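The values are calculated or read from the model by the stated rules, or taken from the named source; none is laboratory data. Here the structure is a predicted model, which is why all the values come from computation and not from measurement. All Cβ positions, even for glycine, are placed from backbone atoms using ideal geometry, and neighbour counts span all protein chains on display.
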Amino acid sequence: MKTIPSIKLPIIQNGETSNEVLSDIMANKKIVIFGVPGAFTPTCSEKHLPSYLNFIDQLKDKRVDDIYCISVNDVFVMKAWLASYSKGNLIKGIADGNAEFAKKIDLLADYSANFMGNRCKRFALIAENNSITNFNIEKKGQFLVSSAEYILDQL
């Protein structure tokens, strides 16, 4: 069973940034992490992040403590992207600028053909006390198993 890695990354919460060890801040919690190839990209901005904003109350009703969005973007881009949504402060951002999380959890994808370099595959996971219980990775170009609606059905 995969676990949340013990790596330090920038976390964006309510417009503030702090560097935190993921396994520390996610311990003793039920969390959802969804990953996107890039902030401000079409599917990520028009469908993926909005799906979690639209279903945040239902996810919280299923006893999810925190919802995180991760991308291989720097902290400034992630902070601006979340701030561009009226309810963006309801999601915690993880700026995986060096793709450490993506590498550690085997989610690194080469998007060089689209001039984006190495990025995170589109995915969503559920973890309880750092143990990943559900891990859904999208096929390239798809948006099905990582949506908030799909995750809701798995909770």
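So if I check each of Leu82, Leu152, Leu125, which one is surrounded by fewer than 20 Cβ atoms within 10 Å (Cβ to Cβ) and at pLDDT 95 or above?
Working: Leu82 fails: surrounded by fewer than 20 Cβ atoms within 10 Å (Cβ to Cβ); Leu125 fails: surrounded by fewer than 20 Cβ atoms within 10 Å (Cβ to Cβ).
Step by step, each of Leu82, Leu152, Leu125 is checked, and only Leu152 is surrounded by fewer than 20 Cβ atoms within 10 Å (Cβ to Cβ) and at pLDDT 95 or above.
Mind listing whichever residues of the range 1-54 are closer than 16 Å to Asp96 by Cβ, assigned to a strand (DSSP E or B) and of a type outside the set (Val, Ile, Thr)?
Lys8, Leu9, Pro10, Gln13, Ser18, Asn19, Glu20, Phe34, Gly35
Condition check: touching a helix residue (DSSP H, G or I) at 6+ places or on another chain (Cβ under 8 Å), surrounded by fewer than 20 Cβ atoms within 10 Å (Cβ to Cβ) and of a type in the set (Phe, Trp, Tyr). Does Phe115 satisfy that?
Numbers: touching a helix residue (DSSP H, G or I) at 6+ places or on another chain (Cβ under 8 Å): no; surrounded by fewer than 20 Cβ atoms within 10 Å (Cβ to Cβ): yes; of a type in the set (Phe, Trp, Tyr): yes.
Spelling it out, it is not the case that Phe115 is touching a helix residue (DSSP H, G or I) at 6+ places or on another chain (Cβ under 8 Å), surrounded by fewer than 20 Cβ atoms within 10 Å (Cβ to Cβ) and of a type in the set (Phe, Trp, Tyr).
From Ile94, Ile132, Ile151, which residue is β-branched (Val, Ile, Thr), assigned to a helix (DSSP H, G or I) and either without any contact (Cβ under 8 Å) to a residue 24 or more places away in the chain or touching a Leu at 6+ places or on another chain (Cβ under 9 Å) (or both)? Give the steps one after another, and end with the answer.
Numbers: Ile94 fails: assigned to a helix (DSSP H, G or I); Ile132 fails: assigned to a helix (DSSP H, G or I).
Matching residue, one of Ile94, Ile132, Ile151: Ile151.
Looking only at the range 135-148, how many residues end up being out of contact with any Asp or Glu (no Cβ under 8 Å at 6 or more places or on another chain) and either in contact (Cβ under 8 Å) with a residue 40 or more places away in the chain or not in a strand (DSSP E or B) (or both)?
Going residue by residue through the range 135-148, those that are out of contact with any Asp or Glu (no Cβ under 8 Å at 6 or more places or on another chain) are 135-143, 147-148.
From the residues that got through so far, the ones that are either in contact (Cβ under 8 Å) with a residue 40 or more places away in the chain or not in a strand (DSSP E or B) (or both) too are 135, 138-143, 147-148.
Summing the residues that are out of contact with any Asp or Glu (no Cβ under 8 Å at 6 or more places or on another chain) and either in contact (Cβ under 8 Å) with a residue 40 or more places away in the chain or not in a strand (DSSP E or B) (or both) in the range 135-148 gives 9.
If only one of Leu49, Leu9 is buried (at least 16 other Cβ atoms within 10 Å of the Cβ) and in contact with a Cys (Cβ under 8 Å, 6 or more places away or on another chain), which one is it? Step through it out loud before you land on a result.
On the way: Leu9 fails: in contact with a Cys (Cβ under 8 Å, 6 or more places away or on another chain).
One residue alone meets the criteria, Leu49.
Restricting to the range 59-78, and then to whatever is in a strand (DSSP E or B) and among the hydrophobic types (A, V, I, L, M, F, W, C), can you tell me which residue is surrounded by the fewest Cβ atoms within 10 Å (Cβ to Cβ)?
So the first thing to find is which residues in the range 59-78 are in a strand (DSSP E or B), and the list is 66-71.
If we keep only those that are among the hydrophobic types (A, V, I, L, M, F, W, C) too, we end up with 67, 69-70.
Numbers: Ile67: 21, Cys69: 26, Ile70: 25.
Once the filter is applied, the top-ranked residue is Ile67.
Search the range 50-61 for residues that are in contact (Cβ under 8 Å) with a residue 60 or more places away in the chain and pair each with any residue that is of a type in the set (Gly, Ala, Ser) and not in a helix (DSSP H, G or I) when their beta-carbon atoms are under 6 Å apart and the residues are at least 6 apart or on different chains.
Short answer, once both residue conditions are applied: Ser51/Ser147.
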